[in-house]
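S.K.: Have a look at the structure that comes next, please.
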Amino acid sequence: QVQLVESGGGLVQPGGSLRLSCAASGKIAGITVMGWYRQAPGKQRELVATIISIGGYTNYLDSVKGRFTISRDNAENTVYLQMSSLKPEDAAVYYCNAKWRVNRFTPEYDYWGQGTRVTVSS
């Protein structure tokens, strides 16, 4: 099992910045991809950004490209989401996700954090 603990959400004014953190623990050696999703009220959860464990390749939702940066600290087993130039439409509960599998021949499982709320308002 993998445990994910997020932190860093809060209230920020439009144009401001926040950094979210996601600390992973447990059987982290099996994590293949980590990412951030978000869900606003009345909307479906959407993928915001991902980072692949091997190689560190990243992927972003089009609407956050150039404003958000996903990164990782392997020594701390932590993934970050640096959010800048925040807009009201970025407000949501942000969830950390880890995709995990025993090996490349086994199914992949999803693990989720508890979520952290980001509010963008003046």
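The values are calculated or read from the model by the stated rules, or taken from the named source; none is laboratory data. Please read these numbers as outputs of a predicted model, since none were measured by experiment. FYI the Cβ positions are ideal-geometry reconstructions off the backbone, even for glycines, and counts take in every protein chain you see. For accessibility, only protein heavy atoms count, side chains too; no ligands or nucleic acids. Shrake-Rupley method; radii C 1.70, N 1.55, O 1.52, S 1.80 Å.
S.K.: List the trypsin sites (Lys or Arg not before Pro) within segment 54-122 that DSSP assigns to loop and that have no more than 14 neighbouring Cβ atoms inside 10 Å.
M.R.: Lys65, Arg101, Arg104
S.K.: What lysines sit close enough to Lys27 to cross-link, taking a C-alpha to C-alpha distance under 27 Å and skipping anything fewer than 8 places away on the same chain?
M.R.: Lys99
S.K.: Considering only protein heavy atoms, what is the solvent-accessible area of Asp62 at a probe of 1.4 Å, reported in Å² to the nearest 10?
M.R.: About 120 Å², rounded to the nearest 10.
S.K.: How many Å² of accessible area per residue for the chain, probe 1.4 Å?
M.R.: Here the residues of the chain average 55 Å² of exposed surface.
S.K.: Let me check against my output: what whole-number percent is the relative contact order of the chain, with C-alpha pairs under 8 Å and at least 6 apart?
M.R.: Across the chain, relative contact order equals 36 percent.
S.K.: Are there any GluC sites (Glu not before Pro) in segment 28-98 that are in a DSSP loop and have at most 15 other Cβ atoms within 10 Å? List them by number.
M.R.: Hits after loop and neighbour filter: Glu76.
S.K.: Give a residue-ordered list of calculated ³J(HN,Hα) values for segment 88-103 (Karplus: 6.51 cos²θ - 1.76 cosθ + 1.60, θ = phi - 60°; whole Hz; x for Gly, Pro).
M.R.: Going residue by residue, I get x, 6, 7, 5, 4, 8, 9, 10, 8, 10, 10, 9, 9, 8, 5, 7 Hz, with x marking Gly and Pro.
S.K.: Counting only protein heavy atoms and using a 1.4 Å probe, what share of the accessible area of segment 16-78 belongs to carbon plus sulfur, as a whole percent?
M.R.: It is 50 percent, rounded to a whole number.
S.K.: Show log10 I(q)/I(0) for the chain at q = 0.09, 0.11 Å⁻¹, two decimals, from a solvent-free Debye sum over equal Cα scatterers.
M.R.: These q points yield log10 I(q)/I(0) values of -0.23, -0.34.
S.K.: Among all the lysines, which ones have a C-alpha under 27 Å from Lys87's C-alpha, if same-chain residues fewer than 8 places away are not counted?
M.R.: Lys43, Lys65
S.K.: Given H placed on each backbone N at 1.01 Å, which residues far from Lys87 in sequence or on other chains put an amide H within less than 5 Å of it?
M.R.: It is Gly15, by chain and number.
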